[in-house]
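The values are calculated or read from the model by the stated rules, or taken from the named source; none is laboratory data. Bear in mind the structure is a predicted one, so any value in this text is a computation, not a measurement. Reconstructed Cβ throughout: ideal geometry from the backbone, glycine too, with neighbour counts over all protein chains shown. Please note that ligands, DNA and RNA were not included when accessible areas were found on the heavy atoms of the full protein model with its side chains. Shrake-Rupley method; radii C 1.70, N 1.55, O 1.52, S 1.80 Å.
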Amino acid sequence: MHVRNIGILAHVDAGKTTLTERILFVTGMTHKTGEVHDGDTVTDFDPQERDRGITIFAAAVSCDWAGHRLNLIDTPGHVDFSDEVERSLRVLDGAIAVFDGVAGVEPQSESVWRTADRYGVPRIAFVNKLDRPGADLDAAVASIREKLEVTPLVVQQPIGREGDFAGVIDLVDAPPPQAREARRRLEEAVAELHPEALEHLDDMSDTTLRKAIRDLSLSRSAVVVLCGSAYRDKGVEPLLDAVVDYLPAPGGDPAKDLVALVFKKRDRLTYLRVYDGTITKGDTVWDAGAGRTERIARILRVQADRHTDVDRAVAGDIVAVAGVKAARTGTTLCDRRHPVLLEAPRTAEPLVSVAVEARTSDGAQKLPAALAALADEDPSLSVRTDAETGQTLLSGLGELHLEVAVEKVRQRTGLAMTVGRPRVRFREAVTGGVTGVLYRHVKQDGGAGQFAHVVLDVTPVDGTGFSFASTVTGGRVPAEFIRAVEVGCREALADGPLGGHPVVGLRVTLTDGQTHPKDSSEMAFRAAGRFGLRAALRACTLTLLEPVAEVTVSAPSDALGAVLGDLAARRAQVTDSTVRTVTATVPLSELFGYATRLRSRTHGRGTFTSRPAGYRPAA
């Protein structure tokens, strides 16, 4: 059977989960459709998802359509769970990007679109909710063109508007006379990008048009746009046809050596994508990064929270396996005789921390293991102990992310916990550098000694990056010791002199050094790099940076003054304002509890969206 591995992406509330429910229904996988507001959808099966009415965890389901097996992953739309989207896109071949027919491209829609760009994932766009007041396909398509900087190919024409929306007309397969003008616009748009279609512009057949559209979709030269209303079951079947027609099949050869990537861990199951080869139940596979073996006890076909045992998985499959104990997200599993390392999905840097403490001594012994298991499942969470206070700090991507994480620990362990107020994670940026900082690392306490001299320059750079270079000549410091100095310097960046925050925005240059014929080693130069850079940073000028977010607030015009006043009090920098919306850059620390405050200021009529916008100097 042919396969499509597809993600469903969008901003929160654009209708991803509702669309997934309708797809499962029309393909015969379910006998009734669940609703998000009723808490009975297939993919939002976690108790927290049903309580909150949003998707938190990416969930995989499968269905059959037109002789193809469609493996679908319904991804979260809230910015705090963007790492779930990242990990999913790393292993998918294509995606459906869902857009609200009223709002068009929203902030998180744009963010996940950029993530898909980074992984080279072809997409089709589905403009949803065309039955709502204010829905406008043309406006939504214009926002796709302008905000996402892509060429949209609109392959459908809606029948009716807003409350009178009744369905869609296909422009590719012999459209009726009233759609001929729209068909001609589609042909011209395709011909501009596809040489073969241009040759047939005067008499373009349906077959030529469809093939050209597929070529443009697979090469990501254009984006196919469809429309409908998932809630009212309008446009779902044509969307499935488009998935088959315009999105890629997975590559890979089941007969080749095994190559698979772990992209998710949850509830003792390990989720992986098989790129090449075949995995059979009972196989022993090789963890290429850690250099150890893992045994595949079971292979499971996933249907959200339900699983079906299968004997094997082949190239192109996305499955869960049991028995894998140590492999983490991003691990490559392969044949030991032919080791391969695949690029792991990126992990976002935690921005917000809370102190977590068990209320009983018995709970204090259980809490570290529970938090470690949580961080193992979700790499965007981190756990550390504050050196000054001794508190256990749980860090994540946002306030909601941490709330969900803490509640998950409570549900799994029953532990009673005290959770502190959220705090943002600051950075220290170099704004004034130093040159010629000499550090001598010399130890002699019996046996082999340690000897390493380094001379370092530190210069500021734009942004929040770090780079290392060496200008040492004449072999004064061997190449392996230079690499050790860089490792030591990176270790020194973990805690800066202003307040123990990570240091960013600098370039370190090793300009000179000295070795000893017996006592110099990689360990000695690593220590010299670490302690030498710490000494250099104490002589540098640094500034404290705080994380900020781009916030878009929507509110009635009569409440906009109150919104602007409140944002000003939160140290916001307004970048755009209309009659009903305000866009501003706001310190992340000022957004804790903002949803409640906004509802109060606007009498429940205001909403906002946010996305990370980097760092800026703290006021």
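For the range 246-269: of the residues being among the aliphatic types (A, V, I, L, M) and assigned to a loop (DSSP other than H, G, I, E, B), which is surrounded by the fewest Cβ atoms within 10 Å (Cβ to Cβ)?
The qualifying residue surrounded by the fewest Cβ atoms within 10 Å (Cβ to Cβ) is 255.
Could you please find all residues in the range 56-86 being of a type in the set (Val, Ile, Thr), closer than 15 Å to residue 13 by Cα and open to solvent by less than 10 Å² (accessible area, probe 1.4 Å)? Break it down stepwise before answering.
As a first pass, look at the range 56-86 and keep what is of a type in the set (Val, Ile, Thr): 56, 61, 73, 75, 79, 85.
Now narrow it down to the ones that are closer than 15 Å to residue 13 by Cα: 56, 75, 79.
Once the filter is applied, which keeps residues that are of a type in the set (Val, Ile, Thr), closer than 15 Å to residue 13 by Cα and open to solvent by less than 10 Å² (accessible area, probe 1.4 Å), the range 56-86 yields 56, 75.
Looking at (1) free of Cβ contacts under 8 Å to residues at least 12 places away in the same chain; (2) open to solvent by 60 Å² or more (accessible area, probe 1.4 Å); (3) outside any helix (DSSP H, G or I), can you tell me which one residue 390 breaks?
(2)
Working only within the range 296-319, note down all residues that are open to solvent by less than 20 Å² (accessible area, probe 1.4 Å), part of a loop (DSSP other than H, G, I, E, B) and without any contact (Cβ under 8 Å) to a residue 40 or more places away in the chain.
Matches in the range 296-319: 296 only.
With respect to the numbered conditions (1) part of a loop (DSSP other than H, G, I, E, B); (2) surrounded by fewer than 21 Cβ atoms within 10 Å (Cβ to Cβ), which one is the sole condition not fulfilled by residue 169?
Result: residue 169 passes all but (1).
Against the conditions (1) modelled with pLDDT under 95; (2) surrounded by 14 or more Cβ atoms within 10 Å (Cβ to Cβ); (3) in a helix (DSSP H, G or I), where does residue 178 fall short? Just the number, please.
(2)
Of 346, 359, which residue is loosely packed, with under 13 Cβ neighbours inside 10 Å, of a type outside the set (A, V, I, L, M) and in contact (Cβ under 8 Å) with a residue 40 or more places away in the chain?
Working: 346 fails: loosely packed, with under 13 Cβ neighbours inside 10 Å.
The conditions single out 359.
Quick one: in the range 100-127, of everything that is of a type outside the set (Phe, Trp, Tyr) and part of a loop (DSSP other than H, G, I, E, B), which residue is nearest to residue 610 (Cα to Cα)? Reasoning before the result, please.
First, pick out the residues of the range 100-127 that are of a type outside the set (Phe, Trp, Tyr): 100-112, 114-118, 120-125, 127.
When the remaining residues are screened for being part of a loop (DSSP other than H, G, I, E, B), the result is 101-103, 105-106, 120-122.
Values: 101: 20, 102: 18, 103: 15, 105: 14, 106: 10, 120: 25, 121: 24, 122: 26 Å.
Step by step, filter the range 100-127, then rank; the result is 106.
Evaluate the following for residue 483: is it over 25 Å from the mean Cα position of the chain (by Cα), under 30 Å from residue 611 (Cβ atoms) and not in a strand (DSSP E or B)? Before you say what the answer is, go through the steps one by one.
Values: over 25 Å from the mean Cα position of the chain (by Cα): yes; under 30 Å from residue 611 (Cβ atoms): no; not in a strand (DSSP E or B): yes.
No; evaluated as a whole, the condition is false for this residue.
Find the residue count for the range 433-478, including only residues that are assigned to a loop (DSSP other than H, G, I, E, B) and either closer than 30 Å to residue 548 by Cα or open to solvent by 50 Å² or more (accessible area, probe 1.4 Å) (or both). Walk me through how you get there before you give the answer.
Residues of the range 433-478 that are assigned to a loop (DSSP other than H, G, I, E, B), as a first pass: 433, 444-449, 461-465, 471-478.
The next check asks that each one be either closer than 30 Å to residue 548 by Cα or open to solvent by 50 Å² or more (accessible area, probe 1.4 Å) (or both); those that pass are 433, 444-448, 461-465, 471, 473-476.
Residues meeting the conditions: 16.
From the list 97, 14, which one is more than 21 Å from residue 319 (Cβ to Cβ), in contact (Cβ under 8 Å) with a residue 24 or more places away in the chain, part of a strand (DSSP E or B) and open to solvent by less than 10 Å² (accessible area, probe 1.4 Å)? Spell out how you get there, then give the answer.
Numbers: 14 fails: part of a strand (DSSP E or B).
Result: 97 is the single residue among 97, 14 that is more than 21 Å from residue 319 (Cβ to Cβ), in contact (Cβ under 8 Å) with a residue 24 or more places away in the chain, part of a strand (DSSP E or B) and open to solvent by less than 10 Å² (accessible area, probe 1.4 Å).
For a quick check of your reading: which helices (runs of 4 or more DSSP H) sit entirely within the range 512-619 and have at least 1 residues that are under 30 Å from the mean Cα position of the chain (by Cα)?
Details: elements: 522-539, 560-569, 594-601.
Qualifying helices (runs of 4 or more DSSP H): 560-569, 594-601.
Would you mind telling me which numbered condition in (1) touching a Pro at 6+ places or on another chain (Cβ under 8 Å); (2) under 28 Å from residue 333 (Cα atoms) residue 68 fails?
(1)
Give me a count of the residues in the range 17-46 that are assigned to a helix (DSSP H, G or I) and either modelled with pLDDT of 80 or more or more than 21 Å from residue 84 (Cα to Cα) (or both).
First pass over the range 17-46, keeping only residues assigned to a helix (DSSP H, G or I): 17-26, 36-38.
Then drop every residue that is not either modelled with pLDDT of 80 or more or more than 21 Å from residue 84 (Cα to Cα) (or both), which leaves 17-26, 37-38.
Adding up the residues that qualify gives 12.
Got a number for residues in the range 409-431 being farther than 30 Å from residue 498 by Cα, touching a residue at least 24 places away in the same chain (Cβ under 8 Å) and open to solvent by 30 Å² or more (accessible area, probe 1.4 Å)? Before you say what the answer is, go through the steps one by one.
Initial filter on the range 409-431 (farther than 30 Å from residue 498 by Cα): 409-417.
Right, trim to touching a residue at least 24 places away in the same chain (Cβ under 8 Å) and you get 409, 411-413, 415-417.
Filter again for open to solvent by 30 Å² or more (accessible area, probe 1.4 Å), leaving 411-413, 416.
Qualifying residue count, the range 409-431: 4.
For the range 209-245, enumerate the residues that are in a helix (DSSP H, G or I), open to solvent by less than 10 Å² (accessible area, probe 1.4 Å) and either closer than 20 Å to residue 5 by Cα or hydroxyl-bearing (Ser, Thr, Tyr) (or both). Lay out the reasoning, then the answer.
Here is the first cut: in the range 209-245, the residues in a helix (DSSP H, G or I) are 209-218, 236-245.
Narrowing further to those that are open to solvent by less than 10 Å² (accessible area, probe 1.4 Å): 209, 212-213, 216-217, 236, 239-240, 242-243.
Passing the criteria: 213, 216, 217, 236, 239, 240, 242, 243.
Here's a check for you: in the range 100-136, which residue that is among the aromatic types (Phe, Trp, Tyr) and open to solvent by less than 10 Å² (accessible area, probe 1.4 Å) is nearest to residue 224 (Cα to Cα)? Break it down into steps so the answer makes sense when it comes.
Of the residues in the range 100-136, the ones among the aromatic types (Phe, Trp, Tyr) are 113, 119, 126.
Next, only the ones that are open to solvent by less than 10 Å² (accessible area, probe 1.4 Å) stay: 113, 126.
On the way: 113: 14, 126: 9 Å.
Going through the qualifying residues, I end up with 126.
So, in the range 218-256, of the ones that are at pLDDT below 95 and among the acidic types (Asp, Glu), which residue ends up nearest to residue 189 (Cα to Cα)?
Going through the qualifying residues, I end up with 233.
Could you list, in sequence order, the residues of the range 58-71 that are touching a helix residue (DSSP H, G or I) at 6+ places or on another chain (Cβ under 6 Å) and within 27 Å of residue 611 (Cβ to Cβ)?
58
For the subset of the range 549-599 comprising residues that are touching a helix residue (DSSP H, G or I) at 6+ places or on another chain (Cβ under 8 Å) and among the polar types (S, T, N, Q), which member is surrounded by the fewest Cβ atoms within 10 Å (Cβ to Cβ)?
Applying the filter and picking the extreme gives 577.
For the range 346-370, give me each residue that is under 23 Å from residue 271 (Cβ atoms) and in contact with a Ser or Thr (Cβ under 7 Å, 6 or more places away or on another chain).
Within the range 346-370, 347, 348, 350, 370 meet the criteria.
Which numbered condition trips up residue 546, out of (1) among the acidic types (Asp, Glu); (2) farther than 23 Å from residue 614 by Cβ; (3) surrounded by 16 or more Cβ atoms within 10 Å (Cβ to Cβ)?
(2)
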